[in-house]
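In what follows, a single structure is set out as C-alpha cells and then discussed.
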Amino acid sequence: MKQDFKSVFRYTQIALWSFVVFLIFFFWGVTKGLLGEMPDLDAIQNPNNDVSTTVYSSDNQILGTYFTENRIEISYDELSPYLVQGLIATEDKRFYTHSGIDLKGLFRAIIKTGILGQDAGGGSTITQQLAKNLFNKKVERNPIKRTAQKIKEWVLAAKLERTFSKDEIISVYLNTIGFGYNSYGIKTAAFTYFYKKPKDLNVEEAAMLIGMLNGPSLYNPQKRPELAKERRDLVLDRMFEAGYLNEKQLKNYINKPIVLDFHNPDFREGIATYFREYLRQELKNWCDKNPKSDGTKWDIYKDGLKVYTTIDSRMQFYAEEAAKSHLAYLQSTFFTEWKDREPWKSGMRAKPDLPEKMMKQSERYLALKEQGKSEAQIAKIFNKKVEMTIFSYDDAAGDYSKDTTMSPLDSIKYYLQIAQIGFMALDPKTGEIKAWIGGPNITFFQLDHVKKTTKRQVGSILKPFQYAVAVERGYNPCTLIPYEPPQFDGVDATWDPSATKKWEDGSMVPMQEGLTYSDNRITAQLMKDFGPDALVQFCKNLGIESRLEPVPALCLGVNDISLFEMARAYTAFANNGTLSEPFFIKRIEDRKGNKLAEYTPKRKEVLDEKTVWVTDGMMKRVVNKGTGARLRSRFGLNMPIAGKTGTTQSNADAWFVGFTPSIVAVCWVGFEQPAVHFRSTATGQGSSAALPVVGEFLRRSFNDRSLKLGRDDFEMPADSAFSVSFDCDTATLESTK
C-alpha cells in the first residue's frame, strides 16, 4: 500500500513537472511563432497606430486634425483621475496586482459563463485588451483560431507588463480605443463629446466615456442618450463599489443628465475650416519636399505630426461670429431688394445668360452629355423639381442646411445669389495670421476668398497707395488739388471718373479730403500728376504680385488682387514702413515632440517712415470723419485706428481694411460671380457690407484683455525736425496747380 502511494506520488510529480515543462516550451514556442508570427520588442514599444496630425492654435487650442483614424496620443499625466478610476473599477479591478493575466478573474469567467451560464463579465484584463487592440484587431470567429489568438494575447500581455509601467499601459490602452465619429483615443473623444482636454473631464463625463468602451455605437450619447446614461450610471456604480465614490456622491452624479458639447471632428466642422483646408494642402507640399531620415515621406493622415499655427482661436471665433451675424442680415436685405428680379441681368457687368453658362460647366451637365443626352433632355432634367438640401443663412445657429424642393437650374440661380466673404487678420509686426475666413461654409462653398489665387477687383482700398505716392514726392495732406476732370493724353483724354460732388467744379481741395471721402476725381488728379508707372512700382514694393495694368484707372482699384496680397501690403502702413510677410505655421513636430521645421517672421523695409506716418494720418481721418466713421459711431472703438472702405462697379465688391499698430484686418464681401451684385449702394458699399465685420471683430478682440492688443498710436518718425499739419484751415496751403 505504501509502495503504491509512493508510486502514485512519483507519477503525479512527473506529470506535473512534465506539464510545467510543456507549458514553458509551449509558451516559448508561441513567442517564436508556433501559433503564428508574434510582434517583436520594437513593435511592442512602438505600436504602429495611425495617429492624426493635430493642428494647434497659438493659444494652444486644437483647431482640428487630419486623419484616417482620428487619434491623438497622450501620456498618463494628461488623464483625469476619474478616467483611470472608472476604467479600473469597470474593466479590471485587480489591475495593479496582476502581471497581465488575472487568473482569478479568468477562472471566474470560465465557471460562471461557461459552466453556470451566468453573466460574469469578461476575463480579459486591461493589458490583454491592449494586446488585442494593438496586434489582433480582427477577432477570429473560428473557435480553434480564436483560442490560438487568445493564447497569443496572454503572451503579449505578459510582454507588455514587462515593457511598460502600469500607468503607461493605461495611457496606451486609452489611446487605442475608438469612440465613434472617427474619434480614436481618449483625447479625441474628450474633444468630440465635451470639447475638453482629458484632464479636465469631471466624474460623470469620464464615466460616460468609459461606458462607451463596450460599444461606442450602442452607447452613443448623441444617438442613444438613454442607453448612454444607463451605461454611465453602471460605471458610476462600479466606482462606488471600488471605493472611489461615496454613497452621497453616487446619488448626486446618477441624478445628473448627460450634457454634451459635441464637436464633429469632420474637417468641415469647427472653426477655421477654410484655413485648415489651405493648411492641409501646404502640409502635403511640405511632406513632399521634406522626407524622413529614411527617405520615406511623412503622411499627414497617419504619422501624428503636431502643427503649431499662428491662428488665435479667440480671434478666429470673434471673426466668424461677426461674419455669421452680418452675412445673415445682408442676405435677407439682398433678397428683399431684388425680390423676384435676377441680379445678373443688370449693371455694368451684366451677364443675362450666366445661369445657363454655369449649368453647362456643372458636373451633372457634363455627365449627362457623356451619357448621350440631347440638349432638350438635359433641359428637362435641369428644370424638374427634386428634393435637395441647400445652404441657408436662416440656419446659421445650426449647420446652415435647409431641406427643400427645387429644380437643379433653380438651385444654380439660388447659389449665385448667396453672399460670400473673405477675411484675414494678422499681426503687422510679425506677419502672424491670427484669423482666416475663406467663405460662409466650406461644406457648400469650397472657393477660398482669402488665398492668393482668388482675386477680385479691390476698388478704393488701393487709393491710399496713390496718396502715399504723392506724399513720397513732396505732397502733404493740405496740398491743394483742383476739383476738375483730369487731363490725360491719348485714349484717356476724356476720362472723368464719377465723383462725390462734395465740392464745386474748379475748387481747390486739400489732398487729404479726397481720401477722407474716397473721391475719385481728386485721386485721379494725383494719378495724372505722377503717372501709372509710379503706382505700379509702389504696389510691387508692397508685395502685390498680381498683374497691374499701368492705366489711369489703376488708382481707383480696377485691377483684380487677392485679399492675401492686400493684407500683406497694409502691414507696411501699420508697421512704420516695414512689410511683414504673412505666415501661418510656427513649427512642425513629430509625434514624440521632435522639431521638424520652424518658421520665423520675414520683414523688409519698403517705405519711408515719414511717408507712412502722413498716409496713416490721412487714413485715421477716414475713420474719424469719413467713409469709415461707422467704425467709431457703431462699434465704440476709441483707440487710434486707420482704415479705408472700398466699393467696386455695380456694388459687386465691398471692402474694408482697418488697422492699428497691433492688428490689421481686411474684409471682402460679394458674390461668387461679379455679375451678381447688391442692388443699392446703401447696402453694397464697403462701409455697409464689409466694415461691420471688421468693426465687430475689432470690438470683441480689443475688449478681450487676454489678447493684450495695444492701444498705442502710430509711431512718429524719429526725425525731430519733421512736422506735418492735418489742420488745413490754418496751415499754409501749397498750391500745386
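Overview of results
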| quantity | calculated |
| --- | --- |
| Inter-residue pairs, beta-carbon under 6 Å, first closer than 14 Å to residue 129 by Cβ and in the stretch 145-173, second modelled with pLDDT under 80 and of a type in the set (D, E, K, R), 6+ apart | 149/140; 153/132 |
| Test: residue in the stretch 704-714 that is part of a helix (DSSP H, G or I), of a type outside the set (Lys, Arg), in contact with an Asp or Glu (Cβ under 9 Å, 6 or more places away or on another chain) and surrounded by fewer than 23 Cβ atoms within 10 Å (Cβ to Cβ) | yes |
| Which listed residue, of 669, 694, 664, is in contact with a Cys (Cβ under 9 Å, 6 or more places away or on another chain), of a type in the set (A, V, I, L, M) and at pLDDT 95 or above | 694 |
| Cross-chain or 6+ apart pairs with Cβ under 6 Å, the stretch 325-338 first and within 11 Å of residue 688 (Cα to Cα), then among the aromatic types (Phe, Trp, Tyr) and modelled with pLDDT of 95 or more | none |
| Top-ranked residue in the stretch 546-573 [being charged (D, E, K, R) and within 31 Å of the chain's Cα centre (by Cα); ranked as surrounded by the fewest Cβ atoms within 10 Å (Cβ to Cβ)] | 547 |
| Count - residues of the stretch 568-607 that are assigned to a helix (DSSP H, G or I) and of a type in the set (A, V, I, L, M) | 3 |
| Matching residues, the stretch 486-507, being of a type in the set (Gly, Ala, Ser) and more than 16 Å from residue 518 (Cβ to Cβ) | 490, 493, 506, 507 |
| Complete set of residues in the stretch 480-508 that are closer than 21 Å to residue 643 by Cα and either crowded, with 17+ Cβ neighbours inside 10 Å or more than 46 Å from the chain's Cα centre (by Cα) (or both) | 499 |
| The stretch 282-301 residues that are within 12 Å of residue 588 (Cβ to Cβ), paired with ones that are among the small types (Gly, Ala, Ser) and not in a loop (DSSP other than H, G, I, E, B) (beta carbon under 8 Å, 6 or more apart) | 286/597; 290/597 |
| Tally of residues being within 27 Å of residue 612 (Cα to Cα) and out of contact with any helix residue (DSSP H, G or I) (no Cβ under 7 Å at 6 or more places or on another chain) across the stretch 479-500 | 2 |
| Some residue of the stretch 237-247 being free of Cβ contacts under 8 Å to residues at least 24 places away in the same chain, under 16 Å from residue 202 (Cα atoms) and among the acidic types (Asp, Glu) | yes |
| Pairs where the first residue, in the stretch 71-88, is touching a residue at least 40 places away in the same chain (Cβ under 8 Å) and part of a helix (DSSP H, G or I) and the second is surrounded by fewer than 20 Cβ atoms within 10 Å (Cβ to Cβ) and of a type in the set (Gly, Ala, Ser), C-beta under 6 Å, 6+ apart | none |
| Considering residues of the stretch 402-414 that are surrounded by 12 or more Cβ atoms within 10 Å (Cβ to Cβ) and free of Cβ contacts under 8 Å to residues at least 40 places away in the same chain only, the residue farthest from residue 356 (Cα to Cα) | 402 |
| Near pairs, Cβ below 7 angstrom, 6+ apart or cross-chain, from the stretch 525-544 (within 25 Å of residue 581 (Cβ to Cβ) and in contact (Cβ under 8 Å) with a residue 40 or more places away in the chain) to any residue that is crowded, with 17+ Cβ neighbours inside 10 Å and β-branched (Val, Ile, Thr) | 534/469; 535/469; 538/469; 541/606; 542/606 |
| Residues being among the small types (Gly, Ala, Ser) and in a loop (DSSP other than H, G, I, E, B) - total across the stretch 476-491 | 0 |
| Test set (1) modelled with pLDDT of 95 or more; (2) more than 30 Å from residue 699 (Cα to Cα); (3) assigned to a loop (DSSP other than H, G, I, E, B) - residue 286 fails condition number | (3) |
| Pick from the stretch 200-223, criterion surrounded by 15 or more Cβ atoms within 10 Å (Cβ to Cβ) and of a type in the set (D, E, K, R), ranking: nearest to residue 244 (Cα to Cα) | 204 |
| Meets criteria (touching a strand residue (DSSP E or B) at 6+ places or on another chain (Cβ under 9 Å), within 26 Å of residue 684 (Cα to Cα) and of a type in the set (Phe, Trp, Tyr)) for residue 495 | no |
| Test set (1) out of contact with any Ser or Thr (no Cβ under 9 Å at 6 or more places or on another chain); (2) at pLDDT below 95; (3) among the hydroxyl-bearing types (Ser, Thr, Tyr) - residue 611 fails condition number | (2) |
| Strands (runs of 3 or more DSSP E) completely within the stretch 415-469 that count 2 or more residues being within 18 Å of the chain's Cα centre (by Cα), surrounded by 24 or more Cβ atoms within 10 Å (Cβ to Cβ) and in contact (Cβ under 8 Å) with a residue 12 or more places away in the chain | 420-426, 433-437 |
| Cross-chain or 6+ apart pairs with Cβ under 9 Å, the stretch 712-736 first and more than 21 Å from residue 659 (Cβ to Cβ), then modelled with pLDDT under 50 | 725/731; 725/732 |
| Residue in the stretch 58-102 that is farthest from the chain's Cα centre (by Cα), counting only those that are more than 30 Å from residue 250 (Cα to Cα) and of a type in the set (S, T, N, Q) | 99 |
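The values are calculated or read from the model by the stated rules, or taken from the named source; none is laboratory data. Model, not experiment: these values are computed from the prediction. In this analysis, Cβ positions are derived from the backbone assuming ideal geometry, glycine residues included, and neighbour counts consider all displayed protein chains.
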